[in-house]
Amino acid sequence: LPFTGLPLRLTQMIENHHGALERLVDLLAEPRSALDCFPALFRREIGPDAFSLALVEAVAHLNYLLARGEVTRELDDQGIWRWRRAG
């Protein structure tokens, strides 16, 4: 049978994305690495099979917030980007 719930599903996906961004900005009251952001973005444990995809998605969210001026980033002594809420 054809899928007929596309408008509802798209609305759910948009709401989930906005909620994840809000949780992420809240988490970034203190400097965090992209890996530290996993709990705010994903509501499950990320295993080795999904780690790379999760890391790319976390960085994409962080870059989106950076482009909007909502977060800043700084390279630490170990060469890891630390992201923090702007302001």
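The values are calculated or read from the model by the stated rules, or taken from the named source; none is laboratory data. Quantities reported herein were computed from a predicted structural model and do not represent experimental measurements. Methodologically, a virtual Cβ is constructed for each residue, glycine included, from the backbone with ideal geometry; neighbour enumeration extends over all protein chains shown. Just so you know, the surface numbers come from the protein's heavy atoms only, side chains and all, with ligands and any DNA or RNA stripped out. Shrake-Rupley method; radii C 1.70, N 1.55, O 1.52, S 1.80 Å.
Within segment 60-79, the set of residues being within 15 Å of residue 17 (Cβ to Cβ) and under 12 Å from the mean Cα position of the chain (by Cα) comprises 60, 61, 62, 63, 64, 65. Note on segment 25-83: residues that are free of Cβ contacts under 8 Å to residues at least 12 places away in the same chain, assigned to a loop (DSSP other than H, G, I, E, B) and among the hydroxyl-bearing types (Ser, Thr, Tyr) amount to 0. Please determine whether any residue of segment 41-50 is out of contact with any helix residue (DSSP H, G or I) (no Cβ under 9 Å at 6 or more places or on another chain), modelled with pLDDT of 95 or more and surrounded by 11 or more Cβ atoms within 10 Å (Cβ to Cβ). Looking for residues that are out of contact with any helix residue (DSSP H, G or I) (no Cβ under 9 Å at 6 or more places or on another chain), modelled with pLDDT of 95 or more and surrounded by 11 or more Cβ atoms within 10 Å (Cβ to Cβ), one finds at least one in segment 41-50, hence yes. Among residues of segment 1-24 being hydrophobic (A, V, I, L, M, F, W, C), in a helix (DSSP H, G or I) and open to solvent by 60 Å² or more (accessible area, probe 1.4 Å), the one that is farthest from residue 87 (Cα to Cα) is 6.
Filtering segment 66-87 to residues that are in contact with a Phe, Trp or Tyr (Cβ under 8 Å, 6 or more places away or on another chain), surrounded by 10 or more Cβ atoms within 10 Å (Cβ to Cβ) and aliphatic (A, V, I, L, M) leaves 66, 71.
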